[in-house]
1. Along the positive direction of the dipole of the range 94-153 (beta-carbon charges: Lys, Arg +1; Asp, Glu -1; about the Cα centre), which of Met126, Gly137, Ser103 reaches farthest?
2. With an 8 Å cut-off on Cα pairs and a minimum separation of 6 or more residues, tell me the relative contact order of the chain in percent.
3. Do any of Lys25/Lys111; Lys25/Lys45; Lys111/Lys147; Lys25/Lys57; Lys24/Lys111; Lys115/Lys144 go past 25 Å between their Cα atoms, and which?
4. So if I place +1 on the C-beta of Lys and Arg and -1 on the C-beta of Asp and Glu, and nothing else carries charge, what would the dipole magnitude of the chain be about its Cα centre? I want it in debye, nearest 20.
5. Need one number: nm distance between label points at Asn46 and Glu148, each 7 Å from Cα along Cα→Cβ, rounded to one decimal.
6. Considering only Phe114, Phe80, Phe124, give the residue with the highest GNM mean-square fluctuation for the chain, with springs between Cα atoms whenever their separation is below 10 Å.
7. Identify, among Leu23, Ile87, Ile36, the residue whose Cα sits farthest towards the positive end of the charge dipole of the chain, taking +1 on the Cβ of Lys and Arg and -1 on the Cβ of Asp and Glu, with the dipole about the Cα centre.
8. Compute the angle between helix 44-60 and the longest alpha-carbon principal axis of the chain, please, reported from 0 to 90 degrees and rounded to the nearest 10.
Amino acid sequence: MDEKNIFPDYEPKITPDTIEDYLKKPSQVYEILGEIGDPHISKLKNILALFNKYEKKAKEHVGQYDKGNVAIGADEYQYFPSEEELIVSELGKMIMEIMESYSKQQLKTLKLRFKIKSQQIHFFEMSFRHVDVMGSGRFFYAEKAPKETIIEL
């Protein structure tokens, strides 16, 4: 048996797993993220406003754990996040990315310049993974971080 020819069209995924892999379009998530575009310090005030708006909605529309299909790579109890949770997670990641781009002193100056109040934000980060199941396909799953991410602005 030639193991390499069992699945001749198989191509391993070599890029990081992202929300674009997990969530199929169209979706409210993409509408919100599309409004923002690439994260930049000049957009931080708008990103924070959207974060605060959707954080409240995410608390009202919490995802859930359901029995997962282990045969195709799901966890025994797989988490299925709500769109609001996905928005909050992606916005939180944008905020982290912006914050990590500057030193504390630069951030202090930029916060004054863009009139951004000091605050603390909390969110559960969603990460994504895939499983290739030979003969069945590629499946994507979301995973909710066990602890909240806290960012000091």
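Every number here is computed from the coordinates shown, using simple stated rules; none is lab data. Quick caveat: nothing in here was measured; it's all calculated off a predicted structure. Cβ atoms come from the backbone with ideal geometry, glycine included; neighbour counts cover every protein chain shown.
1. Final value for the positive-end residue is Ser103.
2. Value for the chain: 25 percent.
3. Over 25 Å Cα-Cα: Lys25/Lys111; Lys25/Lys45; Lys111/Lys147; Lys24/Lys111; Lys115/Lys144.
4. Its charge dipole is roughly 1160 debye.
5. The answer from the label model is 2.8 nm.
6. Largest GNM mean-square fluctuation: Phe114.
7. The Cα lying farthest towards the positive end belongs to Ile36.
8. In the chain, helix 44-60 runs at an angle near 60 degrees to the longest axis.
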